[in-house]
Each structure stands twice: as structure tokens, then as C-alpha cells.
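Notes for the one structure printed next.
The values are calculated or read from the model by the stated rules, or taken from the named source; none is laboratory data. Source: prediction; values computed, not measured. Quick reminder, even Gly has a Cβ in these numbers, built from the backbone with ideal geometry, and neighbours come from all protein chains shown. In case anyone asks, the SASA skips ligands and DNA or RNA and just uses the protein heavy atoms, side chains included. Shrake-Rupley method; radii C 1.70, N 1.55, O 1.52, S 1.80 Å.
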Amino acid sequence: MEYTTQIQNRVKRIEGQLRGVLRMMEEGKDCKEVITQLSAARSAIDRTMGLVVSTNLVECALEAERTGESVDEMIQEAVGLLVKSC
């Protein structure tokens, strides 16, 4: 599976967010500020996961079809991964 530059950049931004949260903790910032930033990072991760699944779903479906796997099962597995992460 190929991951686009867009997806990789999103992950790099999330990494930066988490480093910022850690810095905030080290500086003793207010709990509300830390939670707000953690929540933003979690949302960014969730959106990135959705993007990974959606941008690669067609490719995965074609691969499953080519190898004789059930496309329906593959789609259910992808949705299961998203639901499991919630």
C-alpha cells in the first residue's frame, strides 16, 4: 500500500502536536490546555485513519478481487478497523 505525501504530512503534524503536548506537560501548563491539545491530536488521528482507509479502499478492493478474496469481507474488515478505533 502506498501512502501519499498528504497522509505522511498529516502524521508529521500529529507528531508535532504530541511533542507540543509533552512540552506543555513539562512546563506545567493548565490541565484544560493539555486536554484540549490531546483532544485535537486524537481528532487528527481519527481523521487520518479515515483518510488512509478511504484513499486505499479502491486499491484494496481491486487487489482482493484479483486474488480471489471477498471484496465484501475486505470492506467489512476496513469498516471494522475504523469502528474498533472509536
Open item on the list: Show the residue pairs meeting these rules: Cβ distance below 6 Å; 6+ apart or different chains; first residue within region 65-76 and without any contact (Cβ under 8 Å) to a residue 24 or more places away in the chain; second residue open to solvent by 100 Å² or more (accessible area, probe 1.4 Å) and part of a helix (DSSP H, G or I).
Closed with: VAL71/GLU65
Open item on the list: Against the definition (at pLDDT 85 or above and under 18 Å from the mean Cα position of the chain (by Cα)), how does ALA78 come out, yes or no?
Closed with: no
Task: Residues (assigned to a helix (DSSP H, G or I) and hydroxyl-bearing (Ser, Thr, Tyr)) located in region 1-33 - done: THR5
Task: region 44-86, residues that are open to solvent by 40 Å² or more (accessible area, probe 1.4 Å) and of a type in the set (Gly, Ala, Ser) - done: SER54, GLY68, SER70, SER85
Open item on the list: Going by what's in this entry, would LEU82 be described as touching a residue at least 12 places away in the same chain (Cβ under 8 Å) and part of a helix (DSSP H, G or I)?
Closed with: yes
Task: Test: ALA41 is part of a helix (DSSP H, G or I), open to solvent by less than 50 Å² (accessible area, probe 1.4 Å) and either modelled with pLDDT under 95 or on the phi > 0 side of the Ramachandran plot (or both) - done: no
Task: Residue that is nearest to ALA78 (Cα to Cα) [pool: residues in region 1-12 that are without any contact (Cβ under 8 Å) to a residue 40 or more places away in the chain and either surrounded by 12 or more Cβ atoms within 10 Å (Cβ to Cβ) or β-branched (Val, Ile, Thr) (or both)] - done: VAL11
